[in-house]
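> Pasting a structure here, questions to come.
What follows is calculated from the coordinates using simple rules that are stated; it is not laboratory data. Computed from a prediction, not measured in an experiment: that's the story for all the values here. Here the Cβ positions follow ideal geometry from the backbone for every residue, glycine too, while neighbour counts run over all protein chains shown.
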């Protein structure tokens, strides 16, 4: 059932049918309007916008097909369902062609009615979410876009984390936006005017990690021609974000623990430590606690890093946020390309909404950018999406056929392609006409 009170107009010339549908939908907390015919329905629609029109097919004077077409061509934010007691394939096809999203045959059960209504209203909600620009705080925070309940929890966690100097461990799958959360914490904190320094620990060669993080003095190692400050000194007074913290080695982990405990760093090759005032934010796409149990990560460091924890949900868990993000990225990349913002068909939006997104927000962003570059049409449809997102009918495994069966089928296909011309077929097959005749005799006998 919908989380909002959707409005539904039911149109049918049979009073009993109107009453049954009204009673069922009202009990499910829908706002229901009734009309005994198309004329009355049009008058009501002129005065009152509704989310869904459920109309009978055959009615006196004007048919339900005309009402379907009227709604489709005049009302952008209203969906249509067709019901009929005179089911025919032709009627169903015409209803769908004119724009009906569902086609129910009387008598239908309460379950069938609710299932169809939910599907249609779900599509309407998805389209509205895709069209809605995220413009208020509940839907965006420092580049994080989302209105789903799970993202509202993330926003609240960010606001709480920003009020304290405690370390924060941000977890989540690759591509979920862990750095964006870290940035939001920093720029909502008292350190907002100081540097925010993001570091990808997995991208720094193991032998250079300590030098990059803590700096080095001249002559500390081969190639150290000058004394150079590390990222911790650069972030002094602000925040440092250590992404992929699980990739650090034990030696680096020991030094990070000292920074947390003593608020000081020791440059590589130095004999004295330097005091630093840095808030440490970390992130990982791995389960650090399981690494601790495997002795792959220091337990004492884990507990110091995870004073506060924020787990970012995967994109597939965020409902219509997928469509908000689609809207955002489409507008962004269309502007960069200097072209009009294309729309997505309802079917394409449905595919995006239900795709599992293993690469999360980063995968969606890359997809939209590619579509904007490659697709020139004003409307992006399912056919424009990558093949893994599209339905593919299962194919029969035909590897259990004999060689004779494969040859027989191939010869028939070649003959068909040349309209039975045996001379041309023999040329394509690379055999003479006599051999082809013999093979055709065997095929006929077989």
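> As an exercise, use a Förster radius of 60 Å and the Cβ-Cβ distance of residue 257 and residue 114 to find the FRET efficiency, rounded to the nearest 0.05.
0.55
> Rounded, prolate or oblate: which fits segment 1-49, taking a ≥ b ≥ c as square roots of the Cα gyration tensor eigenvalues, rounded meaning a/c under 1.5, else prolate when a/b beats b/c?
Oblate.
> Mean 1/r over all different Cα pairs, inverted: what Kirkwood radius does segment 327-419 give, in Å?
16.5 Å
> Would you order 53, 265 from fewest to most other beta-carbon atoms within 10 Å of each residue's own beta-carbon?
Final ranking by Cβ density, sparse to dense: 265, 53.
> How much length is gained on full extension from residue 286 to residue 308, taking 0.36 nm per residue of separation minus their Cα-Cα distance?
Residue separation times 0.36 nm, minus the Cα-Cα distance, leaves 6.3 nm.
> Using only the alpha-carbon atoms, how far is helix 178-187 inclined from the longest principal axis of the chain? Give it as 0 to 90 degrees, nearest 10.
So the inclination is approximately 60 degrees.
> Tell me whether the chain comes out rounded, prolate or oblate; compute the Cα gyration tensor, take square roots of the eigenvalues as a ≥ b ≥ c, and use a/c under 1.5 as the rounded threshold.
Oblate shape, in that a/c is at least 1.5 and b/c is the bigger or equal ratio.
> Set the Förster distance to 22 Å, then compute FRET efficiency between residue 17 and residue 345 from the Cβ-Cβ distance, nearest 0.05.
For R0 = 22 Å, the calculated efficiency reads 0.10.
> Moving on. Take every Cα pair under 8 Å in the chain that's 6+ residues apart, average their separations, divide by the length, and report that relative contact order as a whole percent.
12 percent
> Okay, next question. What are the radius of gyration and Dmax of segment 403-445, computed over its Cα atoms and given in Å?
My reading of the Cα-based Rg and Dmax gives 9.3, 24 Å.
> Further question: Hey, in the GNM for the chain with a 10 angstrom Cα cutoff, which one of 159, 101, 261 fluctuates hardest?
Comparing 159, 101, 261 in the GNM, the peak value goes to 261.
> How far, in degrees from 0 to 90, does helix 64-74 lean away from the longest principal axis of the Cα atoms of the chain, to the nearest 10?
Rounded to the nearest ten degrees, it is 40.
> Any idea how far apart residue 317 and residue 432 come out in nm if each label point goes 7 Å out from Cα toward Cβ?
Placing both labels 7 Å along Cα→Cβ, they lie 7.3 nm apart.
> How much length is gained if the chain between residue 66 and residue 26 is pulled fully straight, taking 0.36 nm per residue apart and subtracting their Cα-Cα distance, in nm to one decimal?
Here the segment from residue 66 to residue 26 would lengthen by 11.8 nm.
> With only alpha-carbon atoms in the gyration tensor, what are the semi-axes of the equivalent ellipsoid for segment 35-86, in Å, largest first?
Largest first, segment 35-86 gives 17, 12, 9 Å.
> Against the longest alpha carbon principal axis of the chain, how many degrees, from 0 to 90 and to the nearest 10, is the axis of helix 360-374 turned?
Tilt relative to the chain: about 60 degrees.
> What does the C-alpha gyration tensor say about the overall shape of segment 1-82? Classify as rounded when a/c is under 1.5, otherwise prolate if a/b is larger than b/c, or oblate.
oblate
> Can you compute the helix-only [θ] at 222 nm over the chain? Use -39500 (n - 2.57) per DSSP H run of at least 4 residues, normalise by all residues, nearest 500 deg cm²/dmol.
-14000 deg cm²/dmol
> Report the relative contact order of segment 140-311, percent, no decimals, based on alpha-carbon pairs under 8 angstrom and at least 6 residues apart.
Once normalised by length, the contact order is 29 percent.
> Would you mind telling me which residue in 314, 419, 27 has the biggest mean-square fluctuation in a Gaussian network model of the chain, where springs connect alpha carbons within a distance under 10 angstrom?
Looking only at 314, 419, 27, the biggest GNM fluctuation is shown by 419.
> Then there's this: At a 10 Å Cβ-Cβ cut-off, how would you order 347, 61, fewest neighbours first?
Ordered from fewest to most neighbouring Cβ atoms within 10 Å, 347, 61 come out as 61, 347.
> Which ordering of 417, 273 is given by a fewest-first count of other beta-carbon atoms within 10 Å?
Listing 417, 273 from fewest to most nearby Cβ atoms yields 417, 273.
> Multiply the residue separation of residue 413 and residue 293 by 0.36 nm, subtract the distance between their alpha-carbon atoms, and state the gained length in nm to one decimal.
Taking residue 413 through residue 293 to full extension adds about 37.0 nm, to one decimal.
> For residue 40 and residue 405, what does the FRET efficiency come to when R0 = 51 Å and r is the distance between their Cβ atoms, rounded to the nearest 0.05?
0.20
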